[in-house]
Amino acid sequence: WVLTAFAAARLDPSEDMAGDAGPLIGSMLAAGFTRDAARWAGVVDNGSLGWALLVLARPQGQQIGGGQLDDFLSEDASKQQAKSRMLIAGLAGLGRVSPGTASDIAEALGIDLQRRSRWTQAIAAAAAGRNQALVVLLAGLGMQGQAWEQMTAVHLYHVVRALDQVGLGAEARMIAAEAVARA
């Protein structure tokens, strides 16, 4: 996706290409072309992959309601709704969905975002202490694996939340968007 990002960024957003917007936006975001990706906001449909990626990538994110998420969940054809799992984890980590909505959707998807482990306690403590370096190290530790399929929604939630709390919101947003795109 990174290799195609420059070409994707050069395309003009068009209704004719709305069906391909998700992968194009994913490609642009993988290379950090957030402004180019944002130009597609008027083309993507609510509940589409492109919409989800842009909702996560926007610096000033609005609260997302359950109805908007229901559209995405109902269209998610990924294995075991992996994209939906990552979307709710990312949105919850960024504080862009109410705790009640996050809890309801996570429960419906079989995710316990509040599950605790030594790692979740460590990254939460590092974030509470505003220890940016330790949060980055623990985020890297929590994201280890051979492929994105090994990344869990619980780990994504804690990584995104901790990075955002210590002032690394841009990195948190890009990791969340990447997780949804690759799930």
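The values are calculated or read from the model by the stated rules, or taken from the named source; none is laboratory data. Quick caveat, the model's predicted, so the values are computed rather than measured. Here Cβ is always computed from backbone atoms with ideal geometry, including for glycine, and neighbour counts include all displayed protein chains. Quick note on the areas: whole protein, heavy atoms, side chains included, nothing else; ligands and nucleic acids left out. Shrake-Rupley method; radii C 1.70, N 1.55, O 1.52, S 1.80 Å.
With every protein chain present, what is the per residue accessible area of the chain (1.4 Å probe, Å²)?
On the way: 9180 Å² over 183 residues.
Solvent-accessible surface per residue comes out at 50 Å².
Shape of the stretch 90-150 from its Cα gyration tensor (a ≥ b ≥ c, root eigenvalues): rounded if a/c is under 1.5, otherwise prolate when a/b > b/c, or oblate? Before the final figure, lay out the partial values.
Working: a/c = 2.06, a/b = 1.37, b/c = 1.50.
It comes out oblate by the Cα gyration axes.
So what does GLU15 come to for accessible area, using a 1.4 Å probe and Å² rounded to 10?
GLU15 exposes around 120 Å² with every protein chain in place.
Classify the stretch 60-100: rounded, prolate or oblate, from the alpha-carbon gyration tensor (a ≥ b ≥ c, eigenvalue square roots; a/c under 1.5 rounded; otherwise prolate if a/b is larger than b/c)? List each step's numbers first, then the result.
Numbers: a/c = 2.36, a/b = 1.63, b/c = 1.44.
Since a/c reaches 1.5 and a/b is larger than b/c, the shape of the stretch 60-100 is classed as prolate.
By the scheme Lys and Arg +1, Asp and Glu -1, what is the net charge of all other residues having a beta-carbon under 15 Å from that of PRO13? Please list the in-between numbers first.
Details: positive: ARG10, ARG35, ARG39; negative: ASP12, GLU15, ASP16, ASP20, ASP36, ASP45.
Around PRO13, the charge tally is -3.
If you roll a 1.4 angstrom probe over the protein chains with everything in place, what fraction of the accessible area of the chain belongs to carbon and sulfur, to the nearest %?
On the way: 4660 of 9180 Å².
Exposed carbon and sulfur together represent 51 percent of the surface.
Using mean Cβ contacts within 10 Å as the protection proxy, how do 66-77, 21-32, 38-49 order, highest first? Could the numbers behind the result be given before it?
On the way: 66-77: 15.3, 21-32: 22.9, 38-49: 17.2.
My ranking of the peptides, most packed first, is 21-32, 38-49, 66-77.
Relative to the present Cα-Cα distance, how much length would full extension add between ALA41 and ALA77 at 0.36 nm per residue of separation?
Details: separation 36, 0.36 × 36 = 12.96 nm, distance 2.20 nm.
Gain in length upon complete extension: 10.8 nm.
Residue by residue through the stretch 95-105, which ³J(HN,Hα) values in whole Hz follow from phi under the Karplus form 6.51 cos²θ - 1.76 cosθ + 1.60 (θ = phi - 60°), with glycine and proline marked x?
Going residue by residue, I get x, 9, 9, 5, x, x, 5, 4, 5, 4, 5 Hz, with x marking Gly and Pro.
Report the gain in length on full extension from ARG130 to ALA108: 0.36 nm times residue separation, minus Cα-Cα distance, nm rounded to one decimal.
On the way: separation 22, 0.36 × 22 = 7.92 nm, distance 3.25 nm.
Separation in residues times 0.36 nm, less the Cα-Cα distance, equals 4.7 nm.
Once you have a ≥ b ≥ c as the square roots of the Cα gyration tensor eigenvalues for the stretch 9-70, tell me rounded if a/c is under 1.5, and otherwise prolate or oblate according to whether a/b is larger than b/c.
Details: a/c = 2.06, a/b = 1.33, b/c = 1.55.
Judged from the Cα gyration tensor, the stretch 9-70 comes out oblate (a/c at least 1.5, b/c at or above a/b).
Between GLN62 and GLU15, how high is the FRET efficiency from 1/(1 + (r/R0)^6) when r is the Cβ-Cβ distance and R₀ = 22 Å? Nearest 0.05.
Numbers: r = 23 Å, r/R0 = 1.06.
Rounded to the nearest 0.05, the efficiency is 0.40.
Can you list which of the trypsin sites (Lys or Arg not before Pro) found in the stretch 144-183 are DSSP loop residues with at most 10 other C-beta atoms within 10 Å?
Details: sites: ARG161, ARG173, ARG182; in loops: none.
Hits after loop and neighbour filter: nothing returned.
Consider a paramagnetic label point 7 Å from the Cα of SER98 along Cα→Cβ; state which residues of the stretch 46-89 have an amide N under 11 Å from it.
Only 64-67 pass the distance filter.
Evaluate the distance, in nm, between pseudo-label points positioned 7 Å from the Cα of TRP1 and of TRP148 along their respective Cα→Cβ axes.
With each label point 7 Å from Cα toward Cβ, the separation is 0.4 nm.
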